Amino acid sequence: MKCDKCKKNEATIHMKEMLGGHDLHLCAECADVKDIGKLPLSDEMMSNMLSELTEKIMPMLNGKLESILPEIPLGAKMPQKECICGWDTKKFQKGGRLGCQRCYEVFKEFLNPALSNMHNGTFHIGKKVSIKSENIDMNKIVADIKSLQEELQVAIKKEIYEEAAIIRDKINQIKQDNNINHA
Amino acid sequence: MLNKLLNQKVNWLADSGPDDDIAISSRIRLARNINDIPFPQCASHKQLTAVANKINLAVLNIEELKNNQGHFVLNKMTPLDKRILLERRLVSNECLNAKSSSEVIFSLDEKFSIIINEEDHLRLQAIKPGFQLDKVWDIINNFDDAIAKKVQYAFDAKLGFLTSCPTNIGTGMRASVMLHLPALVLTNKMKAIMNGAFKLGLVVRGFYGEGSDNLGNLFQVSNQSTLGEPEFEIISKLKKVINQIISQEKNARQYLLENDQNLILDNVGKSYGRLRHAYILTAKDAIDGLSFIRLGVDLGMFSNIDIHLVNNLFVTIQPGHLQKFAKKAMSSKHRNALRATLLREQFAILESGQI
Ligand SMILES: [Zn+2]
Ligand SMILES: [Zn+2]
């Protein structure tokens, strides 16, 4: 296997990256430059690494991204992108926030490296949103319609007519899908 | 509605909970957004109104909130009224500059609240006295499920719950415990503790996150990372670290009692003297003083003072609550005088043993 850095010498040092991501394969020469010749990591190096990481995280407590972004192309080098929601690179850089859920795809090039700096992983493994199952259970459908009808009443009572119309359409849709006559 | 709040004690401070000598309260908040609607700072007024309506309807399905609900539209409130909600930790700092469509819904016992259209469409928050993150998680998880039945959340298989700020994606969960750590402060251990917690991906912050980080020796420990670990793992890591901090605080108290008792006695004694006899007290003076009274109560130095009464005083001596008590806006000079009077009277009553 060739060295990742010089792509010339044979890689003799194989490192597992600590924060997820890919492994690093280096030749002795390049490894020395990177100061990882002394593997395994000593306690001291470890604490240095951790404090570096901490310094990156610290300024973010104020909800700002800039402080970790310099590691990643910033300013002129940061590609100008715009999402259909109207959010662009400038706005993102300014407040460190996004405009809509699609922005995560639009800005992923510089967002993804930042994510791995702020979090302990890059992949969500917690609670999930259950996608409503398509099993046809008549009792459940009837119960659903009933609860929607209750909601409809509330919406009307509260004079939220826009929402009421949506609920009414939803009820009609469910009835139609399941061949229930309008009663 | 607000008067009702003011006339009741802050439940998460006034009730008992496990380990509540050192752990004051446990809180979890979840950040959620509705699918296919831009995040609040990028959405139109119409879209945000639709969000608020949807959530108001979804909340009707939550038993605990049905007949027992407080509800405010934030930009229709006076700054002082908003401050009251902040001081009771029902809303966050950002709500003080709320958008026109920002609302807060909360259970009247103040243990659960939903903030609509602040940084995210939805912020669910549950809070309980003492150290009980698992219980708080159960509560908030159920509320979250109930709402998810009625609204479709913005969710991505890889990135989890999508939030306005990338620091919250994944679980969208921030779990925190407020700790009272006077002995660790007195023995200069807080810096090491903070660094140690940082290394584990946790954050230790001073109370309310304002300037001075040892205001009242109160600290909030919370998770920083929200992506890459499941909720239970984040919570269990937090619990392990907090258990360690609690036992360190106990050790430090023991150490001081054995080796430097005068340092404790001096701090508690001076604080009592100050709160009992002062005529001018800033919020910081009062909170720092109450902190040592609290330590004194924990160590058995004041048999006639209930710790939950002291906890509640931490909130009632804050600027918003004071002005509501006085039923008028007050300059800081007048607030400092009123604060001192209230505390003098409170401790005079306690001294005479009438409570
Ligand atoms: Zn090489
Ligand atoms: Zn967008």
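The values are calculated or read from the model by the stated rules, or taken from the named source; none is laboratory data. Values in this document were obtained by computation on a predicted structure and should not be read as measured data. Positions of Cβ are generated from backbone atoms using ideal geometry, with glycine treated the same way; all protein chains shown enter the neighbour counts.
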Filter the range B:49-73 for residues that are β-branched (Val, Ile, Thr) and closer than 14 Å to B:Glu103 by Cα; the one that is surrounded by the fewest Cβ atoms within 10 Å (Cβ to Cβ) is B:Val73
Filtering the range B:212-242 down to residues that are more than 9 Å from chain A (Cβ to nearest Cβ) and assigned to a helix (DSSP H, G or I) yields B:Leu215, B:Gly216, B:Asn217, B:Ile235, B:Ser236, B:Lys237, B:Leu238, B:Lys239, B:Lys240, B:Val241, B:Ile242
Scanning the range A:108-130 residue by residue, those aromatic (Phe, Trp, Tyr) and under 11 Å from the mean Cα position of the chain (by Cα) turn out to be A:Phe123
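Please work out if B:Met190 is within 27 Å of B:Gln318 (Cα to Cα) and either within 10 Å of chain A (Cβ to nearest Cβ) or at pLDDT 85 or above (or both).
Working: within 27 Å of B:Gln318 (Cα to Cα): yes; either within 10 Å of chain A (Cβ to nearest Cβ) or at pLDDT 85 or above (or both): no.
Judged against the criteria, B:Met190 is not a match.
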Flagged pairs (Cβ under 9 angstrom, 6 or more apart or on separate chains; first in the range B:132-161, closer than 21 Å to A:Arg102 by Cβ and at the interface with chain A (Cβ under 8 Å from one of its Cβ atoms); second in a helix (DSSP H, G or I) and among the β-branched types (Val, Ile, Thr)) are B:Tyr153/B:Ile147
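Going by the structure shown, is B:Thr167 at pLDDT 95 or above and either at the interface with another protein chain (Cβ under 8 Å from one of its Cβ atoms) or more than 29 Å from B:Ile114 (Cα to Cα) (or both)? Before the answer, list the steps.
Values: at pLDDT 95 or above: no; either at the interface with another protein chain (Cβ under 8 Å from one of its Cβ atoms) or more than 29 Å from B:Ile114 (Cα to Cα) (or both): yes.
Taking the combined requirement at face value, the residue does not satisfy it.
Here are some residues: B:Leu275, B:Leu290, B:Leu281, B:Leu265. Which one is in a loop (DSSP other than H, G, I, E, B), more than 14 Å from every other protein chain (Cβ to nearest Cβ) and under 27 Å from B:Val315 (Cα atoms)?
Working: B:Leu275 fails: in a loop (DSSP other than H, G, I, E, B); B:Leu290 fails: in a loop (DSSP other than H, G, I, E, B); B:Leu265 fails: in a loop (DSSP other than H, G, I, E, B).
Criteria check complete, one pass: B:Leu281.
Pick from the range B:120-131 the residues that are among the charged types (D, E, K, R) and not in a loop (DSSP other than H, G, I, E, B): which of them is farthest from the other protein chains (Cβ to nearest Cβ)? Explain how you work it out, then say what you get.
Step one: list which residues in the range B:120-131 are among the charged types (D, E, K, R), which gives B:120, B:123, B:128.
Of the ones still in play, those that are also not in a loop (DSSP other than H, G, I, E, B) are B:123, B:128.
Values: B:Arg123: 14, B:Lys128: 20 Å.
It comes out as B:Lys128.
Within the range A:74-154, considering only helices (runs of 4 or more DSSP H) that don't extend past its boundaries, which have at least 1 residues that are modelled with pLDDT under 85 and polar (S, T, N, Q)? Walk me through how you get there before you give the answer.
Values: elements: A:89-95, A:103-106, A:108-118.
Once the helices (runs of 4 or more DSSP H) in the range A:74-154 are filtered for at least 1 residues that are modelled with pLDDT under 85 and polar (S, T, N, Q), what remains is A:89-95, A:108-118.
Could we say that B:Gly296 is at pLDDT below 90, in a helix (DSSP H, G or I) and under 24 Å from B:Gln8 (Cβ atoms) here? First the steps, then the outcome.
Working: at pLDDT below 90: yes; in a helix (DSSP H, G or I): yes; under 24 Å from B:Gln8 (Cβ atoms): no.
The answer is no for B:Gly296.
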